[in-house]
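What follows is a single structure, written as structure tokens, with notes after it.
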Amino acid sequence: MNSSSKRKNDDDSGSSTGPKKSFRGHWSQGLLQSMSDPALLVEKDEKIVIIKDKYPKAKYHFLVLPQECIPDLKSLNSSHLKLLKYMHKKGENLAAQYPSSEFRFGYHAIPSMSQIHLHVISQDFNSPCLKTKKHWNSFTTSYFIDSDMLIQQLKEEGNVKSLSEANGKQLLSEPLKCP
DNA sequence: GTTCTAGAAC
DNA sequence: GTTCTAGAAC
């Protein structure tokens, strides 16, 4: 049998104009799309949007994103301090609605998706979407940068020194550790 | 970010 | 035999 069922989803701008990669709708931009997805929306104001993580790694897992376009942590400077604190505060307010759960607030050192996003995640890690070692390590090692720490660093250094790609990979492939 | 899978490792 | 890992996805 000829199994010609090749996957050809990923990104496709609708018209297959050629072999060139179309970065419109590329998976790394998916967060920007999710920001305006009513099914995921939790809260929204003029500064930020809060959505449910599409693949929650715990019972409660939200993302706080700025309306302002900030691609990554390297783009941050002192002028963003107020915004980051606001994002953290909104995250805390949301987490307060689930008093029986413990939460952490933080950023991934090397996220795959564009647009900075603050993870608001309960610490049960009870979810069918938490499948791999990488998933676990990304929330339990120093790959997860607490919002407090990030804000403090930005305040003191004026920018955020990011992990090298190699260090990040190393953290994600560390042996699993019991919390 | 996810899914799928071949090959390595156990 | 099962588990783990790294790489491709047109």
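The values are calculated or read from the model by the stated rules, or taken from the named source; none is laboratory data. None of these values were measured; they are calculated from a predicted model. Every residue, glycine among them, receives a Cβ derived from its backbone with ideal geometry; neighbour counts consider all protein chains shown. Protein only, heavy atoms only, side chains kept; ligands, DNA and RNA dropped before computing areas. Shrake-Rupley method; radii C 1.70, N 1.55, O 1.52, S 1.80 Å.
List of remarks:
- Top positive-direction residue, dipole computed over the stretch A:27-172 with Cβ charges, set A:117, A:65, A:171: A:171
- Listed pairs A:57/A:90; A:82/A:131; A:44/A:74; A:47/A:177; A:89/A:133 exceeding 32 Å between Cα atoms: A:82/A:131; A:47/A:177
- Taking a ≥ b ≥ c as the square roots of the eigenvalues of the Cα gyration tensor, an a/c ratio of 1.5 or more together with a/b no larger than b/c marks the stretch A:22-99 as oblate.
- Working note: 222 nm ellipticity from helices only, DSSP H runs with n ≥ 4, each -39,500 (n - 2.57), summed and divided by the residues of chain A, gives -7500 deg cm²/dmol to the nearest 500.
- Peptides A:112-124, A:47-59 ranked from most to least packed, by the mean per-residue count of other Cβ atoms within 10 Å: A:112-124, A:47-59.
- Paramagnetic label zone (point 7 Å from Cα along Cα-to-C-beta, residue A:41; backbone N under 20 Å) in the stretch A:48-81: A:48-55, A:61-70
- Taken about its Cα centre, chain A carries a charge dipole of about 540 debye when Lys and Arg each add +1 at the Cβ and Asp and Glu each add -1 at the Cβ.
- Each residue of the stretch A:36-48 is assigned a 3J(HN,Hα), and the resulting list reads 10, 9, x, 5, 9, 5, 10, 7, 7, 9, 6, 9, 9 Hz, derived from the Karplus form 6.51 cos²θ - 1.76 cosθ + 1.60 (θ = phi - 60°), x at Gly and Pro.
- Carbon/sulfur fraction of accessible area - chain A, other protein chains in place, 1.4 Å, %: 51
- Rough spin-label spacing in nm, given labels placed 7 Å along Cα→Cβ, for residue A:176 and residue A:148: 2.8
- Accessible area per residue for the stretch A:82-135 is 51 Å², calculated with a 1.4 Å probe on protein heavy atoms, without ligands, DNA or RNA.
- Theoretical gain in end-to-end length, residue A:23 to residue A:78 [0.36 nm per residue, Cα-Cα removed]: 16.8 nm
- One compactness figure for the stretch A:27-172 is 0.98, namely its Cα radius of gyration divided by 2.2 N^0.38 Å.
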